[in-house]
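S.K.: Quick one: structure below, then a few questions.
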Amino acid sequence: MSHAVEKIVRSEAEWRALLPPEPYHVLREKGTERPFTGALTENRETGSYHCAGCGALLFASSAKFDSGCGWPSFTIPADAMAIEEHEDLSFGMRRIEVTCARCGGHLGHVFPDGPRPAGLRYCINSASLTFTRAAE
Ligand code: FE
């Protein structure tokens, strides 16, 4: 079933040439968009959320919930292999950073305050995602 994700490796100059400024800043410089500004934060459509860097499927709309935090929030990844988690001690906090397993792009963080049963909130920058509407 699950298999190791084939990595995409590009230089930062290549990423900069490929990506618009905001996705570049979030994905490659671990930026954070201002809350309640992302195009997908309030999106309620049925479909799938992909990495804006490499197109990998990351989250299904069925896992999206309204956390009120100002960023797209998901209870669970589409596939556990699609993301990687890393301890992040920046800004004097201990958080768990979430990255795309395929391209290494920064997506956001996961917090232990999501809905049951998993109790997780994947708090993901809208700029790191693209949305594909499900076929009718
Ligand atoms: Fe990616």
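S.K.: I'd like the residue in the range 79-121 that is farther than 23 Å from residue 21 by Cα and within 16 Å of the ligand (Cβ to nearest atom) and, out of all such residues, is least open to solvent (accessible area, probe 1.4 Å).
M.R.: This residue is 82.
S.K.: A further question on this structure: In the range 38-55, what count of residues is obtained for those that are of a type in the set (Lys, Arg) and either surrounded by 18 or more Cβ atoms within 10 Å (Cβ to Cβ) or modelled with pLDDT under 95 (or both)? Step through it out loud before you land on a result.
M.R.: First, the residues of the range 38-55 that are of a type in the set (Lys, Arg): 44.
With the extra rule that they be either surrounded by 18 or more Cβ atoms within 10 Å (Cβ to Cβ) or modelled with pLDDT under 95 (or both), the set shrinks to none.
Within the range 38-55, residues that are of a type in the set (Lys, Arg) and either surrounded by 18 or more Cβ atoms within 10 Å (Cβ to Cβ) or modelled with pLDDT under 95 (or both) number 0.
S.K.: Given the conditions (1) in contact with a helix residue (DSSP H, G or I) (Cβ under 7 Å, 6 or more places away or on another chain); (2) open to solvent by 30 Å² or more (accessible area, probe 1.4 Å), and given that residue 35 satisfies all but one, which numbered condition is not satisfied?
M.R.: (1)
S.K.: If I ask for residues that are outside any strand (DSSP E or B), free of Cβ contacts under 8 Å to residues at least 60 places away in the same chain and open to solvent by less than 40 Å² (accessible area, probe 1.4 Å), which ones from the range 56-78 would you list? Full working, then the answer.
M.R.: First, the residues of the range 56-78 that are outside any strand (DSSP E or B): 56, 61-63, 66-72, 75-78.
Of the ones still in play, those that are also free of Cβ contacts under 8 Å to residues at least 60 places away in the same chain are 56, 62-63, 66-72, 75-78.
Within the range 56-78, 56, 63, 69, 70, 72, 75, 77 qualify.
S.K.: Based on what the data block shows, is residue 4 assigned to a loop (DSSP other than H, G, I, E, B), of a type outside the set (Lys, Arg) and open to solvent by 70 Å² or more (accessible area, probe 1.4 Å)? Talk me through it step by step, then tell me what you get.
M.R.: Numbers: assigned to a loop (DSSP other than H, G, I, E, B): yes; of a type outside the set (Lys, Arg): yes; open to solvent by 70 Å² or more (accessible area, probe 1.4 Å): yes.
Considered against the rule, which asks whether it is assigned to a loop (DSSP other than H, G, I, E, B), of a type outside the set (Lys, Arg) and open to solvent by 70 Å² or more (accessible area, probe 1.4 Å), residue 4 comes out as yes.
S.K.: Residue 10: more than 12 Å from the chain's Cα centre (by Cα), in a loop (DSSP other than H, G, I, E, B) and more than 16 Å from the ligand (Cβ to nearest atom), yes or no? Quick ask: steps written out before the conclusion?
M.R.: Numbers: more than 12 Å from the chain's Cα centre (by Cα): yes; in a loop (DSSP other than H, G, I, E, B): yes; more than 16 Å from the ligand (Cβ to nearest atom): no.
Here the answer is no, as residue 10 does not meet what is asked.
S.K.: Continuing with the same structure: Using beta carbons and a limit of 8 Å, which pairs, at least six apart or on different chains, have the first residue in the range 28-55 and part of a helix (DSSP H, G or I) and the second one among the acidic types (Asp, Glu) and within 16 Å of the ligand (Cβ to nearest atom)?
M.R.: Between residues of the range 28-55 that are part of a helix (DSSP H, G or I) and residues that are among the acidic types (Asp, Glu) and within 16 Å of the ligand (Cβ to nearest atom), the close pairs are 28/12.
S.K.: A further question on this structure: Does residue 114 satisfy the criteria of being in a loop (DSSP other than H, G, I, E, B), in contact with a strand residue (DSSP E or B) (Cβ under 6 Å, 6 or more places away or on another chain) and over 17 Å from residue 57 (Cβ atoms)?
M.R.: Numbers: in a loop (DSSP other than H, G, I, E, B): yes; in contact with a strand residue (DSSP E or B) (Cβ under 6 Å, 6 or more places away or on another chain): yes; over 17 Å from residue 57 (Cβ atoms): yes.
Answer is yes for this residue.
The values are calculated or read from the model by the stated rules, or taken from the named source; none is laboratory data. Remember, predicted model here, so these are calculated numbers, not experimental data. Using ideal geometry, Cβ is built from the backbone for each residue, glycine included, and neighbour counts are taken over all protein chains shown. Calculation scope for accessible area: heavy atoms of the full protein, side chains included, ligands and nucleic acids excluded. Shrake-Rupley method; radii C 1.70, N 1.55, O 1.52, S 1.80 Å.
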